[in-house]
Amino acid sequence: MDDKLKIGKYEFNSRFILGSGKFSLELIKSAIEEAGAQIITLALRRAYTGEVENILDYIPKNITLLPNTSGARNAQEALRIARLSRELGCGELIKIEVISDSKYLLPDNYETIKACELLAKDGFTPLPYMYADLYVARAMRDAGAAAIMPLAAPIGSNKGLCAKEFIQILLNEIDLPIIVDAGIGSPSQACEAMQMGVSAVMANTAIAEAKNIALMAKAFSLAIKAGREGYLAGLASVSEAKASSPLTGFLRD
């Protein structure tokens, strides 16, 4: 069965996306070898080619880079960061992050809409990070988004699908890939998200902070695959108790 993740003109076999905010060689190596990740996000400052350690030196050439605009506080700053990223050779896929709130680290949905329009007009394939809001998601779609990336819970919190009901609304109403980003803290939570019908799951903290990074990367990979197959198979409906075998042929005294 052809079940590829399709984002704009790009196609991927894996639905696991690795965030690299808590970068380590072990994390990158494990996510690629154990989880089969084909997309890795990175902030522009991690791709700096001066004396600071450069993450690009450790990502294989066959892995697709998804640079983000981390550090941008408005749409114009996001555009500037995206252009710098493209000049560094990171490609046109871009995750838009516009965050001006330093306490809760919530994305600024309205500046993100503006950024999405600016970047799409500049030739990028934008994937906006946002908190789940139907009206905002529609505006992002109309502005040129290739996928929508709602947070499941506050970034780095490992709290799971706190925004589940709102993400479900996006799944019902938005005809773009919905990629759950931020807050997923365990393989079971990743599986639950995939069972809802999201197109992919991005994880970082839950893997990077695990006692055994390689094993956790593999667990996430298996959970994401299981959740996707459960969704495609069609989950049974939830109901009151009912017999799974016919109520006939009882033994008699």
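Taking each full run of DSSP H in the chain as one helix, which ones are at least 15 Å long along their axis (Cα atoms) and have mean Kyte-Doolittle hydropathy of at least -1.0? Show your work: numbers first, answer last.
Values: long enough: 75-87 (18 Å, -0.56); 109-121 (18 Å, -0.16); 213-233 (30 Å, 0.82).
Both cut-offs are met by 75-87, 109-121, 213-233.
Rounded to the nearest 20 debye, the dipole size of the chain about its Cα centre is 160 debye, using +1 on the Cβ of Lys and Arg and -1 on the Cβ of Asp and Glu.
Annotation: TYR10 carries an accessible surface of approximately 60 Å², with a 1.4 Å probe and no ligand, DNA or RNA atoms counted.
At an R0 of 35 angstrom, the distance between the Cβ atoms of LEU134 and ARG80 translates into a FRET efficiency of 0.75. I'd like the carbon and sulfur percentage of the solvent accessible area for the chain, probe radius 1.4 Å, heavy atoms only, ligands and nucleic acids excluded. Ligands and nucleic acids excluded, carbon and sulfur give 51 percent.
Counting DSSP beta bridges with both partners in the chain, what percentage is antiparallel, nearest 5? Show your work: numbers first, answer last.
Values: 3 of 26 bridges.
Here the share of antiparallel DSSP bridges comes out near 10 percent.
In the context of the full set of protein chains, region 107-222 has a per residue accessible area of 38 Å² (1.4 Å probe).
Which entries in the list LYS103/LYS218; LYS4/LYS103; LYS159/LYS218; LYS159/LYS211; LYS6/LYS211 go over 27 Å, if you measure between the two C-alpha atoms of each?
Details: LYS103/LYS218 32 Å; LYS4/LYS103 37 Å; LYS159/LYS218 20 Å; LYS159/LYS211 18 Å; LYS6/LYS211 33 Å.
The answer is LYS103/LYS218; LYS4/LYS103; LYS6/LYS211.
For an R0 of 25 angstrom, estimate the FRET efficiency from the Cβ-Cβ distance between SER157 and LEU235 and round to the nearest 0.05. If you can, show how the numbers build up before the last one.
Details: r = 27 Å, r/R0 = 1.07.
So the FRET efficiency works out to roughly 0.40.
Would you mind getting the Kirkwood hydrodynamic radius of region 56-120 from its Cα pairs, rounded to one decimal in Å? Averaging 1/r across every pair of different Cα atoms and inverting gives 12.3 Å. Listed by chain and number, the aspartates and glutamates whose alpha-carbon sits under 15 Å from that of LYS61, ignoring those within fewer than 8 places in the same chain, are GLU33.
Let me check I have the definition right: for region 63-203, take the eigenvalues of the Cα gyration tensor, multiply each by 5, take square roots. What are those semi-axes in whole Å, largest first?
Numbers: eigenvalues 107, 48, 42 Å².
Taking √(5λ) for each Cα gyration eigenvalue gives 23, 16, 15 Å.
Lys and Arg at +1, Asp and Glu at -1: add these up for the other residues within a Cβ distance under 10 Å of ASP181 and post the number. Show your work: numbers first, answer last.
Details: positive: LYS95; negative: GLU97.
In short, 0.
In deg cm²/dmol, rounded to 500, what helix-only [θ] at 222 nm does the chain give when every DSSP H run of at least 4 residues adds -39500 (n - 2.57) and the total is split over its residues? -11000 deg cm²/dmol, from helical runs alone.
Around ASP108, with a cut-off of 9 angstrom between Cβ atoms, what is the net charge of the other residues, counting Lys and Arg +1 and Asp and Glu -1? Walk me through the numbers on the way to the answer.
On the way: positive: ARG73; negative: ASP101, GLU111.
Taking every Cβ under 9 Å from that of ASP108, the sum is -1.
The values are calculated or read from the model by the stated rules, or taken from the named source; none is laboratory data. All figures in this text were calculated on a predicted structure; none of them were measured in a lab. Positions of Cβ are backbone-derived with ideal geometry, glycine not excepted, and every protein chain shown enters the neighbour counts. For the accessible areas, the whole protein counts, side chains as well, though only heavy atoms, and no ligand, DNA or RNA atoms are used. Shrake-Rupley method; radii C 1.70, N 1.55, O 1.52, S 1.80 Å.
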